[in-house]
Amino acid sequence: MISIKNLHASIDGKEILKGLNLEVKAGEVHAIMGPNGAGKSTLASILAGREEYEVTEGSVDFDGKDLLDLETEDRAREGLFLAFQYPVEIPGVSNINFLRAALNEIREYKGEEQVSAKDFMTMVREKSALVELDSKLASRSVNEGFSGGEKKRNEIFQMAMLNPKLSILDETDSGLDIDALRIVANGVNKLKTKDNASIVITHYQRLLDYIVPDFVHVLYDGKIVKTGPKELALELEEKGYDWIKEEFSI
Amino acid sequence: MSELLNSTEIKLINANGFEGVLNNSLKEKASEVLENIKFPTTRTEAWKYTRLGKISKNQFDVKNPTLNSIEEFKIVGNAYTFVFLNGFFSPELSSKEFDKNITVNSLSEIDQQYLGKNVKLDNEIFNSLNTQFSTGGVAITIKKNSIIDLPIQILHITEGTKTSSTTRNIIIAEDNSQSNFIEAFHSFNAENTLENSITEVFVGKNSHLHIDKVQVQNETCYHISTEQVEQDKDSTFTINTITLNGGLVRNNLNIDVKGENCTTNLNGVYQLKGNQHVDNHTVVDHLVPNCESNELYKGIIDEKSTAVFNGKVFVRRDAQKINAFQSNGNVLLSDDATVNSKPELEIYADDVKCSHGSTTGQLDEEAVFYLRARGLSEKSARKLIVSAFINDVIEKINNEEVVHYVQQKIEERFSTTK
């Protein structure tokens, strides 16, 4: 589904990604772990299309399309979804109004029919239940006054509404307590199908007890230095990242 | 009913000039002022941020209008409508029948104590020009104890090149009455026109008066518009000033709260682009105790346009227990957009609650990115955020058709920029 080859990227002249390679196929869940500063959030930002980053080398193929050549909104319309680490508050913009507008722009892009108000509201009720998001929250302004856990659940609610091909969860577990974590993970798991895929970026192994990955990658110093099955996450939990730093530092 | 409504022709300019509609004593006073006065420069505090060169260096003339239909200029379909073309009242295009509780008179037919009562002439060039040269005006009285079911719509349409259009209207809301007004300023085939409009408003005891004012003249038009309001006790006065277009627009809103237990609401939205300039000067004068005023103005300033907000609130020495809140918020959409925001509170009483706030910022780019990352185009994202920003003011407009019209104009603006 997505094929990242030799990706080099910088911000403000400083190189963060130094030749990252990653292959994700439909139906798979890939976890990306790594110490702080390794480039995990940078990868998520670049895939979503943040303009502050400059890609200096490499390619990203998303289902046959050159992802780096697409505008942010077109990447979303092609089926990419980023669950933000720090979802922003947008006062005055209703959560469901903007989602309906987004859904319709995505459908227009794909040549599909617009969603009817009735069908849309049915979807809202269904999907908000998935992440135990009170429908009242769903009709409020985007993330305004939401707790950390509610913001993260709102991200998954949006994911459920937009039904992406590839979802990138950027440290979705940060700031969550065990219960919130369980609800979020449950939502993600329910949305998993053989046709979609997820890249779960996380610092801690804990989330991976709930969202079980097919592959675990370690991102260190701008590259993926190690790949293994889910047990690799447990090994990192035990040994910490120093082990990786020793093995791979220049 | 007044002779005014029965006349079948628009007053035309005669060979020597034109007939001003105010009485001679007022015109004389205005004439005296005009003899010595000069256009204010930016060194005059009240005009510090608004240059009048384009007006002072030009010549404007009264012109006969050619328009014979106003359907496209109506904001509200079902209303009691008054039409002014180039400053002349047009009985032909206005409504023929009015609610029995609405009295329509020419300015000479009403009690002359109302005329010019609070319109200062000394050192006031536009007030004096208006007093001397108004070519059209109506006095609308809402009878005591009545509730007017339909809105009263006043349409001003200016046409031609370098046309001078001057009107003076009086609105008298008698005690215990309830009425809603919509006033719209349009242009038609107009270029570099100058409109100078004054509306004198008298809000009677325990009455409710609501005005939605919409300005949509094209970007070459100059427009000076003044509301001089006097509120008597227990009344509620609301005015929403929505400036959606225009070249140079200056709104002077002056409210004297003369009675206790009054509520005064002043709200506004201004959306600018290109080289447009909008200046909102408001004054709320709390003369007596136990009153409340609420002011909320929001601006969206794009490209090279400039905005001015100057909101003065006076709380006089005997005006205790006053709650006066003022807030001005501005979003700059470009690097060249400018806003000058000056809230002023002059408080002489000591038992009051007053606040003022002014914010000026840019669109939250993080919010724009978030919406785009969900599939919304950049334009849609910006539009959504801007609409959200002004929404709390739009909510103060109580007529659905006006809301719809305003939203449409804002929508159009977004489709044409970038």
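At a glance:
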{"quantity": "Strands (runs of 3 or more DSSP E) wholly inside region A:1-88 that include at least 2 residues being more than 17 Å from the chain's Cα centre (by Cα) and away from every other protein chain (no Cβ under 14 Å)", "calculated": "A:2-11, A:14-24, A:54-62"}
{"quantity": "Output for region B:204-227, where each listed residue is over 16 Å from B:PHE84 (Cα atoms), touching a Gly at 6+ places or on another chain (Cβ under 9 Å) and not acidic (Asp, Glu)", "calculated": "B:LYS205, B:ASN218, B:THR220, B:CYS221, B:TYR222"}
{"quantity": "Residues of region B:328-367 classified as within 14 Å of chain A (Cβ to nearest Cβ), assigned to a strand (DSSP E or B) and over 21 Å from B:ASN265 (Cα atoms), total", "calculated": "2"}
{"quantity": "Contacts under 7 angstrom Cβ, first residue in region A:18-37 being surrounded by fewer than 21 Cβ atoms within 10 Å (Cβ to Cβ), partner outside any strand (DSSP E or B) and among the polar types (S, T, N, Q), 6 or more apart", "calculated": "A:ALA26/A:ASN196"}
{"quantity": "Near pairs, Cβ below 6 angstrom, 6+ apart or cross-chain, from region A:205-233 (closer than 15 Å to A:GLU23 by Cβ) to any residue that is hydrophobic (A, V, I, L, M, F, W, C) and in a loop (DSSP other than H, G, I, E, B)", "calculated": "A:LEU219/A:ALA38"}
{"quantity": "Test: B:SER415 is closer than 22 Å to A:GLU108 by Cβ, touching a helix residue (DSSP H, G or I) at 6+ places or on another chain (Cβ under 9 Å) and more than 11 Å from every other protein chain (Cβ to nearest Cβ)", "calculated": "yes"}
{"quantity": "Residue check, A:LYS110 within 13 Å of another protein chain (Cβ to nearest Cβ), more than 18 Å from the chain's Cα centre (by Cα), of a type in the set (Lys, Arg) and exposed (fewer than 13 other Cβ atoms within 10 Å of the Cβ)", "calculated": "yes"}
{"quantity": "Hits in region A:145-178 - residues which are of a type in the set (Asp, Glu) and either under 18 Å from A:ARG100 (Cα atoms) or without any contact (Cβ under 8 Å) to a residue 24 or more places away in the chain (or both)", "calculated": "A:GLU150, A:GLU155"}
{"quantity": "Close pairs (9 angstrom Cβ cut-off, 6 or more residues apart or separate chains): among the aromatic types (Phe, Trp, Tyr) in region B:386-397, modelled with pLDDT of 90 or more and not in a helix (DSSP H, G or I) anywhere", "calculated": "B:PHE389/B:LYS298; B:PHE389/B:ILE300; B:PHE389/B:GLY329; B:PHE389/B:VAL331; B:PHE389/B:LEU363"}
{"quantity": "B:ALA373 being surrounded by fewer than 20 Cβ atoms within 10 Å (Cβ to Cβ), within 14 Å of chain A (Cβ to nearest Cβ) and among the aliphatic types (A, V, I, L, M)", "calculated": "no"}
{"quantity": "Residue among A:ASP195, A:ASP179, A:ASP173 that alone is in a loop (DSSP other than H, G, I, E, B), of a type in the set (Asp, Glu), away from every other protein chain (no Cβ under 14 Å) and over 13 Å from the mean Cα position of the chain (by Cα)", "calculated": "A:ASP195"}
{"quantity": "Output for region A:128-151, where each listed residue is under 17 Å from A:VAL184 (Cα atoms) and within 14 Å of another protein chain (Cβ to nearest Cβ)", "calculated": "A:ASN143, A:PHE146, A:LYS151"}
{"quantity": "Residues (among the small types (Gly, Ala, Ser) and more than 7 Å from chain B (Cβ to nearest Cβ)) located in region A:89-107", "calculated": "A:SER94"}
{"quantity": "Among residues of region B:398-418, those that are under 18 Å from the mean Cα position of the chain (by Cα) and touching a residue at least 12 places away in the same chain (Cβ under 8 Å), counted", "calculated": "6"}
{"quantity": "Pick from region B:239-250, criterion farther than 9 Å from B:TYR270 by Cβ and within 12 Å of the chain's Cα centre (by Cα), ranking: surrounded by the fewest Cβ atoms within 10 Å (Cβ to Cβ)", "calculated": "B:ARG250"}
{"quantity": "Criterion: at the interface with chain A (Cβ under 10 Å from one of its Cβ atoms) and under 27 Å from B:THR238 (Cα atoms) - qualifying residue of B:VAL406, B:VAL386, B:VAL393", "calculated": "B:VAL386"}
{"quantity": "Scan of region A:128-152 for residues that are part of a helix (DSSP H, G or I) and at pLDDT below 90, ordered by number", "calculated": "A:SER128, A:ALA129, A:LEU130, A:SER135, A:LYS136, A:LEU137, A:ALA138, A:GLY148, A:GLY149, A:GLU150"}
{"quantity": "Condition met for B:GLU72 (without any contact (Cβ under 8 Å) to a residue 12 or more places away in the chain and under 28 Å from B:GLN276 (Cα atoms))", "calculated": "yes"}
{"quantity": "Odd one out for A:PHE120 among (1) part of a loop (DSSP other than H, G, I, E, B); (2) farther than 25 Å from B:GLU365 by Cα; (3) among the aromatic types (Phe, Trp, Tyr)", "calculated": "(1)"}
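The values are calculated or read from the model by the stated rules, or taken from the named source; none is laboratory data. Remember, it's a predicted structure, so these values are computed and weren't measured experimentally. Methodologically, a virtual Cβ is constructed for each residue, glycine included, from the backbone with ideal geometry; neighbour enumeration extends over all protein chains shown.
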